[in-house]
1. With the requirement that a residue be at pLDDT 95 or above, among the small types (Gly, Ala, Ser) and either touching a strand residue (DSSP E or B) at 6+ places or on another chain (Cβ under 6 Å) or farther than 26 Å from residue 93 by Cα (or both), what does the range 228-250 give you?
2. Considering only residues of the range 141-187 that are polar (S, T, N, Q) and under 26 Å from residue 76 (Cβ atoms), which is surrounded by the most Cβ atoms within 10 Å (Cβ to Cβ)?
3. Name the residue, out of 181, 217, 193, 253, that is modelled with pLDDT under 95 and in the same structural domain as residue 122 (by TED's automatic domain parsing).
4. Take the residues in the range 57-108 that are of a type in the set (Val, Ile, Thr) and free of Cβ contacts under 8 Å to residues at least 24 places away in the same chain, then tell me which one is nearest to residue 243 (Cα to Cα).
5. When residues of the range 188-207 are filtered for being touching a residue at least 24 places away in the same chain (Cβ under 8 Å) and surrounded by 13 or more Cβ atoms within 10 Å (Cβ to Cβ), how many remain?
6. For the range 198-251, give me each residue that is within 21 Å of residue 140 (Cβ to Cβ) and hydroxyl-bearing (Ser, Thr, Tyr).
7. So which of 257, 231, 262 is buried (at least 18 other Cβ atoms within 10 Å of the Cβ) and either in contact (Cβ under 8 Å) with a residue 12 or more places away in the chain or out of contact with any Lys or Arg (no Cβ under 8 Å at 6 or more places or on another chain) (or both)?
8. Determine which member of the set 196, 236 is small (Gly, Ala, Ser) and touching a Gly at 6+ places or on another chain (Cβ under 7 Å).
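The values are calculated or read from the model by the stated rules, or taken from the named source; none is laboratory data. Note that the structure is predicted; figures quoted are calculated from it, not measured. All Cβ positions, even for glycine, are placed from backbone atoms using ideal geometry, and neighbour counts span all protein chains on display.
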Amino acid sequence: MRTVRRVHMPTVQQKIYPPYLVTLRREGVEVIKKKMECIVMVIFIIILLFCIWVLYKKYYDIEIEVYDLHNLYTDKELAPRSVATHKIKGSLDTIKNNRDYSRYLQYRTLFDSSLHEKYETFIQNILEQYNLSKPDDMVFRINSTPQRILAHFDADNRYLILLEGYKDILLFHLDEYTVEDQVSFLHKVKDFDMDGIKGELSGRKIPFTQRRLTPGDVLHITPGLYHYVENKELGGYTSAINLDYHHSDPVLDESWNTMWSNARWFK
């Protein structure tokens, strides 16, 4: 008889890890899981902070001056001038959407890179049209309406360029008046509107000019020229650019400092 020989094939056995290796493996998975959770949390916080930053920039990014239309001046200076009662944080929309008509809101700022980029071509055209050199200062300002800016003069050369809305401006000189007489006149008309001031000027036989500025208009306000500004539109706003050129006049500077000793040039 023929003998059949059995051949034993090796069997594949399941690999068995020692208990301590199994524990380390599970702990490694937990560590990776926790790391992933931390990464997700960090990304969430970054997105949240970015959203908060965007909202802040949109609603609370600028400092806005608040003026009481029923009490525009104080008794802390020799002559009356428009003085803000306080300041609030907000945005340009805060000004544009103001519906408290007992006050007007104003924001003004020296030109930064974004304003230069936005208005560079526009301003360059104005400079060429009026044969002007580069200004010493450029100021952007936006106001809610209704609005009144009490009569005053500036000691610098200023070109006012209206961008939006309208401004009614009354222009006159008080060159024949002493500083004391100018102060007396300003106190007399401090609560008058445009028509009231025109009546007072006419009664004193003082020449004046009234202009309504609309978008694109440019007004040259020479040093020492008194100007009163008014806009009676409810719920509107105006925006403008000032091109300022420094001007040295010791007499004007002394008068200005005497009448408005607490005021400071906006720089």
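1. Of everything in the range 228-250, those that are at pLDDT 95 or above, among the small types (Gly, Ala, Ser) and either touching a strand residue (DSSP E or B) at 6+ places or on another chain (Cβ under 6 Å) or farther than 26 Å from residue 93 by Cα (or both) turn out to be 239, 240.
2. Of all residues in the range 141-187, those polar (S, T, N, Q) come to 143-145, 147, 157, 178, 182, 184.
This time we only want the ones that are under 26 Å from residue 76 (Cβ atoms), so: 143-144, 147, 178, 182, 184.
On the way: 143: 25, 144: 29, 147: 24, 178: 10, 182: 21, 184: 12.
The residue in question is 144.
3. Details: 181 fails: modelled with pLDDT under 95; 217 fails: modelled with pLDDT under 95; 193 fails: modelled with pLDDT under 95.
Exactly one of 181, 217, 193, 253 is modelled with pLDDT under 95 and in the same structural domain as residue 122 (by TED's automatic domain parsing), namely 253.
4. Looking only at the range 57-108, we keep the residues that are of a type in the set (Val, Ile, Thr), and these are 62, 64, 66, 74, 83, 85, 88, 94-95.
With the extra rule that they be free of Cβ contacts under 8 Å to residues at least 24 places away in the same chain, the set shrinks to 74, 83, 85.
Working: 74: 28, 83: 22, 85: 26 Å.
Per the stated criteria, the residue is 83.
5. In the first step, residues of the range 188-207 are kept if they are touching a residue at least 24 places away in the same chain (Cβ under 8 Å); the result is 189-190, 193-194, 197-198, 201, 206-207.
Now restrict to residues that are surrounded by 13 or more Cβ atoms within 10 Å (Cβ to Cβ): 189-190, 193-194, 197-198, 201, 206.
Of the residues in that region, 8 qualify.
6. 214, 237, 238, 239, 245
7. On the way: 257 fails: buried (at least 18 other Cβ atoms within 10 Å of the Cβ); 262 fails: buried (at least 18 other Cβ atoms within 10 Å of the Cβ).
When all the criteria are applied, what remains is 231.
8. Values: 196 fails: touching a Gly at 6+ places or on another chain (Cβ under 7 Å).
Answer to the check: 236.
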